[in-house]
Amino acid sequence: MAVQNKTYTLVKCRAVADIEKISENINITIDDNGRIKSIGSEIEGDEIDCRNYVVIPGLINAHTHSAMIALRGYYDDAELQEWLRKMWEFERSMSKDLMRISSEIAIIEMLSSGTTGFVDMYFNPEQLKELSNIYKIRVQAGYTFLDNLYDPYLIDKLQRELKPEGYFQPIINVHSIYATSKETLELANQLSKELGERIHIHVSETRREIYEVKKKTGMFPVEYLNSLNMLDRMQLVHLGWVASWEIDLIREKNAIVTNCPTSAMKLATAGFFPFKEMLNSGITVTLGTDGPASNNSLDMFREMKNAILLYRHSYWSTSVKAIDAFRSATYEGYKLLKVKGGKIREGYVADLVLLDAKRLYPLFKDRLISHIVYTATGDMVKAVIVNGNMRTKDEILERLPKLIERLHRLLNA
Ligand SMILES: [Zn+2]
């Protein structure tokens, strides 16, 4: 069923759902440039029978560390600081081969579970650039400023050589305020201004981080980043411990935020992302799984559900709805990637997921968003389309067993 670089039509889709509209028994025509050409009754090019599929926009995983597949299950039961020490110990001697095979496996997992693009923080962006174009998945990645592992001037130099290509866009990664010096933050800020690349950073993840930053700088973490004049070019990840005036600053500076609920719970950060407050402020709120060593799944369907559950459990409030999580995982994610996508409309990119309609029951129009967020898992994905390139789940998974074998060999070496 693989289709590439040609016009084709998904015929009689059982249902088509995005954040604005749900339609039934409708066709979607995709042109040879990978855009949605029409939605309705038209048929053009090859016909793909979609009577058994529910079609939704591709999901965007706004924060992960794909190469940490090698560390999945390696050290599960620790709070953030102890956990990080263990990760860094391992990463100090991690080979490029191990990073590549791990990222490749992560890409297959993500694609096969309906993720069509992701933002990555690690040390192998050149490998991700190559893999993103082989697998045709949208990737933003960059070298990571992390003082105890790499010389910041080396990162600065490498990042300048990293160029966009096809499905790949460079971004600047800064691990966190607590893992970089003020000089490193200023270096990253200068680089971001020069290259016009966004800075992707972990912020306000634990109470301890707030305490340490306040002690050192007299400010809360988001306030501190604002004092360094870098907030307007940032993607802030976690924000489990954030003050209301920091939310105001984020809105004023138009920073983008990312919620990683599963990782927050697994690492016992006791923080909870103020999802509703962020939405009410008009901030772009995206959703991420975080890495395979702190989640440990890369399934964005599970993440949508957990985003709502964590909010409801922490705030004793049902004000965050299924549609809010669906919006974060789709439309808002494409804003982060700077791609006109996340809605199933003419002129938008054909980044789509075909779900098995037989497993989403009882299938009524007014229950569909609920099914997508609370019932579906990546397991129900039957095919994925990125920029018009369509692949079935079986086609995506073809190489996986061989890669897992190689992963085991490298880990046992
Ligand atoms: Zn992370």
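The values are calculated or read from the model by the stated rules, or taken from the named source; none is laboratory data. Computed from a predicted model, the values in this text were never measured in an experiment. Don't worry about glycine lacking a Cβ; one is built from the backbone with ideal geometry, like all the others, and counts go over all protein chains shown.
Might you check whether a residue that is under 22 Å from GLY341 (Cβ atoms), out of contact with any His (no Cβ under 9 Å at 6 or more places or on another chain) and of a type in the set (A, V, I, L, M) occurs anywhere in the stretch 109-117? Among the residues of the stretch 109-117, at least one is under 22 Å from GLY341 (Cβ atoms), out of contact with any His (no Cβ under 9 Å at 6 or more places or on another chain) and of a type in the set (A, V, I, L, M), which makes the answer yes. Considering the stretch 226-295, the qualifying strands (runs of 3 or more DSSP E), each wholly inside and each with 3 or more residues that are within 16 Å of the ligand (Cβ to nearest atom), run over 234-238, 256-259. Elements of the type strands (runs of 3 or more DSSP E) sitting completely within the stretch 161-215 and holding at least 2 residues that are surrounded by 21 or more Cβ atoms within 10 Å (Cβ to Cβ), among the acidic types (Asp, Glu) and more than 16 Å from the ligand (Cβ to nearest atom): there are none. Here ASN259 fulfils each of the conditions (1) more than 21 Å from ASP379 (Cβ to Cβ); (2) modelled with pLDDT of 95 or more; (3) surrounded by fewer than 22 Cβ atoms within 10 Å (Cβ to Cβ) apart from (3).
Where strands (runs of 3 or more DSSP E) sit wholly within the stretch 1-83, those with at least 1 residues that are closer than 30 Å to VAL285 by Cα occupy 8-17, 22-30, 36-40, 53-57, 59-64. Does any residue of the stretch 88-103 turn out to be touching a helix residue (DSSP H, G or I) at 6+ places or on another chain (Cβ under 9 Å), assigned to a helix (DSSP H, G or I), closer than 25 Å to VAL353 by Cβ and not β-branched (Val, Ile, Thr)? Yes: the stretch 88-103 contains one or more residues that are touching a helix residue (DSSP H, G or I) at 6+ places or on another chain (Cβ under 9 Å), assigned to a helix (DSSP H, G or I), closer than 25 Å to VAL353 by Cβ and not β-branched (Val, Ile, Thr). Screening VAL222 against (1) under 22 Å from ILE172 (Cα atoms); (2) without any contact (Cβ under 8 Å) to a residue 40 or more places away in the chain; (3) within 21 Å of the chain's Cα centre (by Cα) leaves a single unmet condition, (3). If you check ASN173, ASN124, ASN133 for being more than 25 Å from LYS335 (Cβ to Cβ), at pLDDT 95 or above and of a type outside the set (Gly, Ala, Ser), only one passes: ASN124.
Scan LEU337, LEU355 and give me the residue that is under 30 Å from ARG51 (Cβ atoms) and hydrophobic (A, V, I, L, M, F, W, C). LEU355 is the lone residue from the list that is under 30 Å from ARG51 (Cβ atoms) and hydrophobic (A, V, I, L, M, F, W, C).
Residues in the stretch 337-378 that are part of a helix (DSSP H, G or I) and touching a Gly at 6+ places or on another chain (Cβ under 9 Å): LEU337, GLY378. Among the residues here, THR64 qualifies as hydroxyl-bearing (Ser, Thr, Tyr) and either within 16 Å of the ligand (Cβ to nearest atom) or farther than 25 Å from ARG367 by Cβ (or both).
Go through (1) in contact with a Ser or Thr (Cβ under 8 Å, 6 or more places away or on another chain); (2) assigned to a helix (DSSP H, G or I) and name the single condition PHE118 misses. The failed condition is (2).
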